[in-house]
Structure formats: C-alpha cells, structure tokens
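Since the structure comes first, as structure tokens, the remarks are kept for the end.
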Amino acid sequence: AAASATAPAAAAGAVPVPVPLQGVSHSLGTRMPEATLEVPLLTPGAPDGPRYVTGRLLPEPILPRLPIAGTLPGADLRAPLPHPLGDRLGLDAPAADLHTAGPGLNLVAPLTAPDPDLFGLPAPRLPEAGLLAPALRTVAGGDLGVGPAR
C-alpha cells in the first residue's frame, strides 16, 4: 500500500504537504490562513557520454554535465478577509518544471595526436581548459484572487 501511495507523488514531481494551522485557529478562536506547500522531488538524469574528436587525445568533455530534473516548490495559500472584499484571498503558485545541468569541464592535452611528419610522435602544445557553464530552465506562474470560502 505504501508503494502505491508514493507512485503518483513520484510521477507528479512534487509532494503536497499541508501546513497544520487548525490547532492555532481553535486555540485563538479566529480563522487562520490555510496553506499547502509542494515539496519538489529532484531526479538526476544520465550524463552525456564522452565524445572522441579527431586530433585530440582526451575525450570531450572530460567531465560531463549532470542533468537534474524536478520542479520548483509550489504553494497554495488562502487567507480570511473582511466581507466587503470577499471571504478569502487566495494565492496559488503551482510547482513548475525545472531542468538543470551542473557544470562540466573540458580539457585539451598538452600533446597533439601522433603526427606522421614527426615519425608518429605527438607534438607539444599549450594545454587548454574550459568550464562548461551550469544551465537552469523553468517557467514559473501563479494566480492571485479574491472570492468565497471553499
């Protein structure tokens, strides 16, 4: 039963977590806001394998970027309002897809590939190093509204 209960949450990418404020509402004798948060589940992807390029001794990139997929945290907040404005003020910021890739490293060896003009020996050259920048891609959204209590 526990495995079947977690499967839909893992497929959704976020787990809804209600914030328990009912006890405060009962003890103070007033209406409290209602809050539900969505905690993201991050899943690492498979990095791209090394690519061997003609004329280079080391693969490119030497340290591949690791992709990670998940969602941004979401929130659903409802607060009581005075009656002239409506019963509730609501903010709904659903979890949004998040795709990232960690930094990577690219190196060029200080030797060239074997050169037939040098009797099969590699020629020296200056080493090179490059950093592959991390990437982040998401689209966040939300709704703010005033309306009756639900």
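The values are calculated or read from the model by the stated rules, or taken from the named source; none is laboratory data. It should be emphasised that the depicted structure is a prediction, and the values quoted were computed from it without experimental measurement. Cβ placement follows ideal geometry from the backbone for every residue including glycine, while neighbour counts extend to all protein chains displayed.
Residue pairs whose Cβ atoms lie under 9 Å apart, sitting 6 or more positions apart in sequence or on different chains, and linking a residue in the stretch 60-78 that is farther than 22 Å from E38 by Cβ to a partner that is outside any strand (DSSP E or B) and β-branched (V, I, T), are E60/V53. Remark: pairs (first residue in the stretch 31-48, among the charged types (D, E, K, R); second residue in a strand (DSSP E or B); Cβ separation under 6 Å; 6+ apart in sequence or on different chains) = R31/P80; E34/R78; E38/A14; E38/P16; E38/G74.
The residue pairs whose first member lies in the stretch 108-135 and is surrounded by 10 or more Cβ atoms within 10 Å (Cβ to Cβ), whose second member is at pLDDT below 85 and of a type in the set (S, T, N, Q), and whose beta carbons are closer than 7 Å, counting only pairs six or more residues apart or on different chains, are P122/T112; A123/T112; R125/T112.
Of the residues that make up the stretch 45-64, is at least one within 25 Å of G13 (Cβ to Cβ) and surrounded by 14 or more Cβ atoms within 10 Å (Cβ to Cβ)? Checked against the condition, which is being within 25 Å of G13 (Cβ to Cβ) and surrounded by 14 or more Cβ atoms within 10 Å (Cβ to Cβ), the stretch 45-64 yields at least one hit.
Scanning the stretch 16-40 for residues that are under 30 Å from L66 (Cβ atoms) and either touching a Gly at 6+ places or on another chain (Cβ under 6 Å) or surrounded by fewer than 16 Cβ atoms within 10 Å (Cβ to Cβ) (or both) turns up P16, V17, E38, V39, P40.
Considering the conditions (1) surrounded by 16 or more Cβ atoms within 10 Å (Cβ to Cβ); (2) closer than 19 Å to L98 by Cα, R78 is excluded by exactly one of them, (2).
Hey, any hits in the stretch 79-97 for a residue that's over 30 Å from T138 (Cα atoms) and of a type in the set (A, V, I, L, M, F, W, C)? Scanning the stretch 79-97, I find at least one residue that is over 30 Å from T138 (Cα atoms) and of a type in the set (A, V, I, L, M, F, W, C), so the answer is yes.
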